[in-house]
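Step one of this worksheet: look at the structure below.
Just so you know, all these numbers are worked out from the coordinates, no wet-lab data involved. None of these values were measured; they are calculated from a predicted model. When we count neighbours, we look across all protein chains shown, and the Cβ atoms used for this are built from the backbone with ideal geometry, even at glycine.
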């Protein structure tokens with residue numbers, strides 16, 4: 001990795017950290033469990049690194065390590081998104097039934 | 001760059017944007033689900049982009065991994081009960097971290113000799129964080145699931161031993177960084193990191209799990225971000241960083257909700273020290289009969305339910321909702337008060353109650369609900385203990401002094417549903433149980449609540 005690429009990567013990291021802080025601190029405690037499972041599914045993007053390892057090189061060992069990594073990352077992506085959706089569906093249903101405006105949503 | 005590479009990079013960029021939009025949607029329950037569809041789309045595009053844009057030589061291993069992973073993933077998505085959400089999440093931290101660590105090891109095997117110093121440093125972080133998060137999360141999952149005993153495991157000289165392990169780990173990291181040709185240093189680091197993960201989590205009790213879960217979440221994310229640095233892949237850096245910071249923010253929130261520092265959670269060994277130091281609150285606990293409790297509830301104007309981990313273990317979320325609906329049918333105002341660290345992971349109680357069809361407009365955070373307790377007729381505490389312990393507020397010598405609590409003791413009357421007369425998880429005596437206006441109702445929360453519901457119907 002040459003220094004120019006490193007600097008660009010550090011920029012990406014710093015901006016993502018800032019953006020993440022801004023966005024995530026607005027998530028109400030109500031949704032903290034789905035948040036955790038969602039960010040987990042999203043960070044399952046390391047699947048793309050695993051795919052390359054499992055298929056691209058020529059080393060047998062690397063392929064096998066890659067295969068395990070693809071498996072666990074896929075579990076996270078498929079299971080994570082699936083379970084997050086299941087949870088969020090529960091929060092969506094029976095929204096008000098003529099109740100007054102939800103006070104819980106006006107977090108802080 | 002070839003056309004397919006451009007295509008791949010384009011899918012990565014779009015995926016990054018969609019991920020951020022998805023998390024933005026999380027700021028409200030109404031928009032959260034739509035946001036997640038965006039993230040799913042982004043993920044799918046990035047995967048397709050990678051398969052098209054990289055020179056894949058052998059498809060066998062990829063297909064095997066994708067198939068097994070999808071089957072297990074779908075099974076999890078469909079069948080894991082909401083009460084098991086903490087251990088499921090801990091397990092997924094382990095999986096994510098393991099993927100990162102394995103990709104790191106693979107990179108080392110393939111390109112270890114030609115790596116520059118910067119890449120080597122990132123690789124070291126990736127493998128170290130990945131490995132320790134894998135074993136740490138597995139232990140956490142085991143404790144949450146009950147496979148491993150939830151009590152903290154501690155022994156003399158524990159911190160010293162941990163320090164030695166930590167130094168060995170970082171030492172071999174530095175050695176590997178300076179002498180990349182010494183393969184043994186790399187694998188020593190890997191092995192010791194696995195051990196360190198175990199040592200890090202075994203001294204921590206189940207009640208502190210919300211903090212540990214959030215921390216491990218953060219580590220898993222940072223390991224993924226480090227992978228991005230090693231592979232020079234920006235979408236990995238972005239997604240990993242978002243995950244890492246989300247975990248960090250949650251850990252800070254959880255620590256605040258317990259009035260403790262992260263170091264204290266990790267090295268304090270909370271649960272075991274306390275048993276010796278707890279104060280003896282005087283007085284007797286008054287028991288109440290089911291019928292009397294039902295009478296109180298049925299003729300109340302305002303009732304607040306305070307669920308704790310006991311509700312989850314008793315699977316009583318549906319029973320409490322039924323009782324709540326019956327009371328509402330009688331014109332009683334029903335609310336639910338949720339402490340930030342109630343349960344075993346952030347937001348655990350909200351998910352359980354949502355599963356039981358309690359509308360989220362009835363779920364209140366601590367700061368919102370506390371001013372309402374004095375005007376509440378009956379507060380019903382279900383399997384919660386430390387989060388309603390008035391000692392935290394009143395007794396500066398208490399070991400949980402300063403921890404923000406739900407002030408149920410200010411309600412006109414309190415009914416505590418409890419399995420038995422024993423102390424709570426931390427072993428602390430709770431003066432709330434001895435107060436004049438507190439009545440105890442012993443038994444399994446689920447059956448007690450459904451009996452209460454029946455009794456209310458007959459009032």
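If a/c stays under 1.5 just call it rounded; otherwise compare a/b with b/c (prolate if a/b is bigger, oblate if not). Do that for the stretch B:381-459, with a ≥ b ≥ c from the square roots of the Cα gyration tensor eigenvalues.
Judged from the Cα gyration tensor, the stretch B:381-459 comes out prolate (a/c at least 1.5, a/b above b/c).
Between residue B:55 and residue B:252, what FRET efficiency comes out of the Förster formula 1/(1 + (r/R0)^6) with R0 = 25 Å and r the beta carbon distance, rounded to 0.05?
That gives a FRET efficiency of 0.05.
Pulled fully out, how much extra length does the chain show between residue B:151 and residue B:117, if you take 0.36 nm times their separation in residues and subtract their Cα-Cα distance?
Extra length from residue B:151 to residue B:117 when fully extended: 8.0 nm.
Would you mind classifying the stretch A:3-92 by shape? Square roots of the alpha carbon gyration tensor eigenvalues, ordered a ≥ b ≥ c; an a/c under 1.5 is rounded, otherwise it is prolate if a/b is larger than b/c and oblate if not.
Taking the square roots of the gyration eigenvalues as a ≥ b ≥ c, the stretch A:3-92 is oblate.
Say each of residue B:397 and residue B:21 gets a label point 7 Å from the Cα, pointing the same way as Cα to Cβ; how far apart are those two points in nm?
Each label point is offset 7 Å from its Cα along the Cβ direction, giving 6.0 nm.
When Rg is the radius of gyration of the Cα atoms in the stretch B:290-458 and Rh is its Kirkwood radius, what does Rg/Rh come to?
Rg divided by Rh gives 0.93.
Taking only C-alpha pairs under 8 Å that are 6+ residues apart, what is the relative contact order of the stretch B:290-458 in percent?
Numbers: 332 pairs, mean separation 49.9, N = 169.
This gives 30 percent for the stretch B:290-458.
Counting each pair of different Cα atoms once, what's the Kirkwood radius of chain B in Å, rounded to one decimal?
The Cα-based Kirkwood calculation yields 24.3 Å.
Quick one: if you stick a label point 7 Å off each Cα along the C-beta vector at residue B:412 and residue B:30, how many nm between them?
Once both label points are built, they end up 3.5 nm from each other.
In what sequence, highest mean first, do B:448-456, B:381-389, B:352-360 appear when ranked by Cβ atoms within 10 angstrom?
B:381-389, B:352-360, B:448-456
Among B:4, B:89, B:227, which comes first, second and so on when ranked by fewest other beta-carbon atoms within 10 Å?
By the 10 Å Cβ count, ascending, the order reads B:4, B:89, B:227.
Over all residues in B:331-339, what is the mean tally of Cβ atoms on other chains that come within 10 Å of each residue's Cβ?
Mean shielding by partner chains, rounded to a whole number: 1.
Would you mind estimating how fast the stretch B:1-79 diffuses translationally, via Stokes-Einstein at 37 °C and 0.692 mPa s with the Kirkwood radius over Cα pairs, in µm²/s?
Translational D for this selection: 232 µm²/s.
Say R0 is 45 Å: what FRET efficiency, to the nearest 0.05, do residue B:419 and residue B:79 get from their beta-carbon distance?
Working from the Cβ atoms, E equals 0.95.
With the cut-off at 1.5 for a/c, could you classify the protein assembly as shown from its C-alpha gyration tensor as rounded, prolate or oblate?
Prolate shape, in that a/c is at least 1.5 and a/b is the bigger ratio.
Taking the Cβ-Cβ separation of residue B:177 and residue B:328 as r and a Förster radius of 45 Å, what is the calculated FRET efficiency to the nearest 0.05?
Working: r = 63 Å, r/R0 = 1.40.
So the FRET efficiency works out to roughly 0.10.
Taking the number of other C-beta atoms within 10 Å as the exposure measure, put B:214, A:43, B:92, B:361 in order starting with the fewest.
Ordered from fewest to most neighbouring Cβ atoms within 10 Å, B:214, A:43, B:92, B:361 come out as B:361, B:214, B:92, A:43.
Students often check this: by mean Cβ neighbours within 10 Å, which of B:93-99, A:75-81, A:27-33 ranks highest, and how do the rest follow?
B:93-99, A:75-81, A:27-33
Among B:17, B:304, which comes first, second and so on when ranked by fewest other beta-carbon atoms within 10 Å?
With the sparsest Cβ surroundings first, the list reads B:17, B:304.
Sequence gap at least 6, Cα distance under 8 Å: using those rules, report the relative contact order of the stretch B:94-272 to the nearest whole percent.
Relative contact order here is 28 percent.
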